[in-house]
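For reference, the structure is listed below as structure tokens.
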């Protein structure tokens, strides 16, 4: 028999056979927390996830980390493995910006599926707000811009998103209120989340009356900068049983990536962005054997209000050009038909990539989200976006094993 | 009184050697675009290898752009990335050139708040330092 090239169906079979899922989550305090290093937050988040799962630290044989904006290191994963005292069989630093947290889950699953590790700790933490230097902040502002052909024109990272927002409003005949309503809903959700940084009341009038930073965006359209850590642990149902873990896994049903461009100069049009988002989602849906109709709760990368709208449309959750109106009608509220980012998102809870989105998805599927609990969700979608809507990753999580 | 030129305080390009013809061009107030000898198509931003599907060509002609285009999208920046922008309101725009490529630049010589998507613009050159001249755009009168 001739060899076959592996495809999505094989991934699906492996996920089915191995019943891979998240068995522990941890989230440190989020906000302005001076006096704790990046590695302190990584440690604290890891401890919380290990304890939540009911694991012994020595059971962890895989370590996946990301990067730090404060303490830069070439080998982030092994630097942290050394620090926490884990000698991992598998180690990896995922560094794809905001697509990182979502892809950590997929990377852990791939490591487990290929026999490299059985219990994988995925962790990210940083003292971004308290620890970043002024040169570090400038580096962050210019990070997404081409150093030779974009940044010298005074383009900033918020400015890059503003360029996309302006084009989006032009094509969808939208208005600033469409963007602003995403921020208003995220704030309402953050007010229900104990561990959220920005909880002050925020109204449409507050946003419409605020100074523009980069038209059409105000500071309320931009995510916050925060200190904190978050972690989750990925393993198989069989291993969880063998170790006598406390928690039923929240199962990984599907995963996918999609790429549009790195620099906006390379972005032909909005179709290219929608295409990358769709590709990422389609691969995840195909692996899971489902469509967006099966999703009960959605977590999208809200580093800026605009990304949420592009992702809702790219994933086909709302028809093209209609996400702004959907947001303005309140449809993204936890009690409405498209409950989105019940943790308050990057706009109001905290900014640690989509780490908190993964954690909140697990809490929702466990039924442990307290006042924010959506009624009986079975499937959650989590989407991450790195760069200026450039690099996308999607996972689907379920409270039942993939069948 | 000193007649020395005021030092340019805003960010300058992080040059890569392979883009030299572009910056040599702007110094002479010419907007030159790299053209892939394999596909015959122009591209932007300049780089060492053709970005077109299937091509690994590293040999280019540098062709002069008409310098005319339209604003594809823009954002009025009320806050810049460094102190040198303090108090300044400026327009960052993606300009779609007639040649078929997009360029990030500034729209100058107009009220920043008068810029619109689809506005017709043409290139103007701004000498920033002895080494660097920027290709910027102004509305076509």
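For (1) over 15 Å from the mean Cα position of the chain (by Cα); (2) without any contact (Cβ under 8 Å) to a residue 24 or more places away in the chain; (3) in a helix (DSSP H, G or I), each residue gets a yes or a no:
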site	(1), (2), (3)
A:220	yes, no, yes
A:262	yes, no, no
A:272	yes, yes, yes
A:279	yes, no, yes
A:286	yes, no, yes
A:298	no, no, no
A:301	no, no, no
A:311	no, no, yes
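Just name the residue that is farthest from residue A:26 (Cα to Cα) out of those in segment A:107-141 that are without any contact (Cβ under 8 Å) to a residue 40 or more places away in the chain and within 21 Å of the chain's Cα centre (by Cα).
Among those residues, the one meeting the criterion is A:141.
Of everything in segment A:1-29, what is touching a strand residue (DSSP E or B) at 6+ places or on another chain (Cβ under 8 Å), part of a loop (DSSP other than H, G, I, E, B) and closer than 15 Å to residue A:255 by Cα? Give them in sequence order.
Matches in segment A:1-29: A:19 only.
What residue, among those in segment B:68-79 that are surrounded by 19 or more Cβ atoms within 10 Å (Cβ to Cβ) and in contact (Cβ under 8 Å) with a residue 24 or more places away in the chain, is farthest from the other protein chains (Cβ to nearest Cβ)?
So, considering only residues that are surrounded by 19 or more Cβ atoms within 10 Å (Cβ to Cβ) and in contact (Cβ under 8 Å) with a residue 24 or more places away in the chain, the one farthest from the other protein chains (Cβ to nearest Cβ) is B:69.
All but one of (1) over 16 Å from residue A:214 (Cβ atoms); (2) surrounded by 13 or more Cβ atoms within 10 Å (Cβ to Cβ); (3) at the interface with chain A (Cβ under 9 Å from one of its Cβ atoms) hold for residue B:133; state the number of the condition that does not hold.
Here residue B:133 meets the rest and fails (3).
Out of B:76, B:121, which single residue is out of contact with any helix residue (DSSP H, G or I) (no Cβ under 8 Å at 6 or more places or on another chain) and in a strand (DSSP E or B)?
On the way: B:76 fails: out of contact with any helix residue (DSSP H, G or I) (no Cβ under 8 Å at 6 or more places or on another chain).
From the options B:76, B:121, the qualifying one is B:121.
Every residue, every condition in (1) on the phi > 0 side of the Ramachandran plot; (2) surrounded by fewer than 24 Cβ atoms within 10 Å (Cβ to Cβ); (3) without any contact (Cβ under 8 Å) to a residue 24 or more places away in the chain, yes or no:
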residue	(1), (2), (3)
A:344	yes, no, no
A:352	no, no, no
A:359	no, no, no
A:364	no, no, no
A:368	no, yes, yes
A:379	no, yes, no
A:382	no, no, no
A:385	no, no, no
A:397	no, no, no
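Please tell me if residue B:64 is closer than 28 Å to residue B:120 by Cβ and either crowded, with 19+ Cβ neighbours inside 10 Å or away from chain A (no Cβ under 14 Å) (or both). Don't jump to the end; show me each part of the working.
Working: closer than 28 Å to residue B:120 by Cβ: yes; either crowded, with 19+ Cβ neighbours inside 10 Å or away from chain A (no Cβ under 14 Å) (or both): yes.
For residue B:64, the condition - closer than 28 Å to residue B:120 by Cβ and either crowded, with 19+ Cβ neighbours inside 10 Å or away from chain A (no Cβ under 14 Å) (or both) - is met.
For residues that are touching a strand residue (DSSP E or B) at 6+ places or on another chain (Cβ under 8 Å) and either within 14 Å of chain B (Cβ to nearest Cβ) or assigned to a loop (DSSP other than H, G, I, E, B) (or both), tally how many sit in segment A:176-215.
9
Of the residues B:34, B:51, which single one is within 11 Å of another protein chain (Cβ to nearest Cβ) and surrounded by 14 or more Cβ atoms within 10 Å (Cβ to Cβ)?
Values: B:34 fails: within 11 Å of another protein chain (Cβ to nearest Cβ).
The conditions single out B:51.
Among A:4, A:19, which is over 29 Å from residue A:389 (Cβ atoms) and surrounded by 18 or more Cβ atoms within 10 Å (Cβ to Cβ)? Give the derivation first.
Details: A:4 fails: surrounded by 18 or more Cβ atoms within 10 Å (Cβ to Cβ).
From the options A:4, A:19, the qualifying one is A:19.
For segment B:131-141, which positions are modelled with pLDDT of 95 or more and part of a loop (DSSP other than H, G, I, E, B)?
Taking segment B:131-141 first, the residues modelled with pLDDT of 95 or more are B:132-140.
Those that are modelled with pLDDT of 95 or more and part of a loop (DSSP other than H, G, I, E, B): B:132, B:140.
Find all pairs meeting these conditions: Cβ atoms under 8 angstrom apart; at least six residues apart or on different chains; first residue within segment B:36-48 and over 17 Å from residue B:134 (Cα atoms); second residue modelled with pLDDT under 95.
Here the result reads B:47/B:16; B:48/B:16, each pair linking segment B:36-48 to a residue that is modelled with pLDDT under 95.
Output the number of the condition that residue A:259 fails; it satisfies all remaining conditions of (1) farther than 29 Å from residue A:219 by Cβ; (2) within 14 Å of chain B (Cβ to nearest Cβ); (3) buried (at least 24 other Cβ atoms within 10 Å of the Cβ).
The one condition residue A:259 does not meet is (3).
Please work out if residue A:241 is in contact with a helix residue (DSSP H, G or I) (Cβ under 8 Å, 6 or more places away or on another chain), more than 14 Å from every other protein chain (Cβ to nearest Cβ) and either more than 20 Å from residue A:357 (Cβ to Cβ) or free of Cβ contacts under 8 Å to residues at least 12 places away in the same chain (or both). Don't jump to the end; show me each part of the working.
Numbers: in contact with a helix residue (DSSP H, G or I) (Cβ under 8 Å, 6 or more places away or on another chain): no; more than 14 Å from every other protein chain (Cβ to nearest Cβ): yes; either more than 20 Å from residue A:357 (Cβ to Cβ) or free of Cβ contacts under 8 Å to residues at least 12 places away in the same chain (or both): yes.
No.
If you go through segment B:88-125, how many residues are closer than 18 Å to residue B:64 by Cβ, within 11 Å of another protein chain (Cβ to nearest Cβ) and surrounded by 15 or more Cβ atoms within 10 Å (Cβ to Cβ)? Full working, then the answer.
Kept after step one, since they are closer than 18 Å to residue B:64 by Cβ, are these residues of segment B:88-125: B:95-103, B:105, B:121-125.
Checking the rest, the ones that are also within 11 Å of another protein chain (Cβ to nearest Cβ) come to B:95-96, B:100-103, B:105.
From what is left, the residues that are surrounded by 15 or more Cβ atoms within 10 Å (Cβ to Cβ) are B:95-96, B:101-103, B:105.
Adding up the residues that qualify gives 6.
What are the residues in segment A:319-372 that are assigned to a helix (DSSP H, G or I), closer than 11 Å to residue A:186 by Cα and touching a strand residue (DSSP E or B) at 6+ places or on another chain (Cβ under 6 Å), if any? Walk me through how you get there before you give the answer.
First pass over segment A:319-372, keeping only residues assigned to a helix (DSSP H, G or I): A:323-328, A:345-349, A:355-366, A:370-372.
Checking which are closer than 11 Å to residue A:186 by Cα leaves us with A:327, A:345-349.
Matches in segment A:319-372: none.
When only residues in segment A:117-173 that are more than 13 Å from chain B (Cβ to nearest Cβ), touching a helix residue (DSSP H, G or I) at 6+ places or on another chain (Cβ under 8 Å) and part of a loop (DSSP other than H, G, I, E, B) count, which is modelled with the lowest pLDDT?
Among them, the one singled out is A:132.
Say we look at segment A:30-61 and pick out the residues that are under 21 Å from the mean Cα position of the chain (by Cα) and in a loop (DSSP other than H, G, I, E, B); which of these is farthest from residue A:120 (Cα to Cα)?
If we take residues in segment A:30-61 being under 21 Å from the mean Cα position of the chain (by Cα) and in a loop (DSSP other than H, G, I, E, B), then A:32 is farthest from residue A:120 (Cα to Cα).
Checking residue B:87 against (1) assigned to a loop (DSSP other than H, G, I, E, B); (2) under 15 Å from the mean Cα position of the chain (by Cα), only one condition comes out false. Which one?
(2)
The values are calculated or read from the model by the stated rules, or taken from the named source; none is laboratory data. Bear in mind the structure is a predicted one, so any value in this text is a computation, not a measurement. FYI the Cβ positions are ideal-geometry reconstructions off the backbone, even for glycines, and counts take in every protein chain you see.
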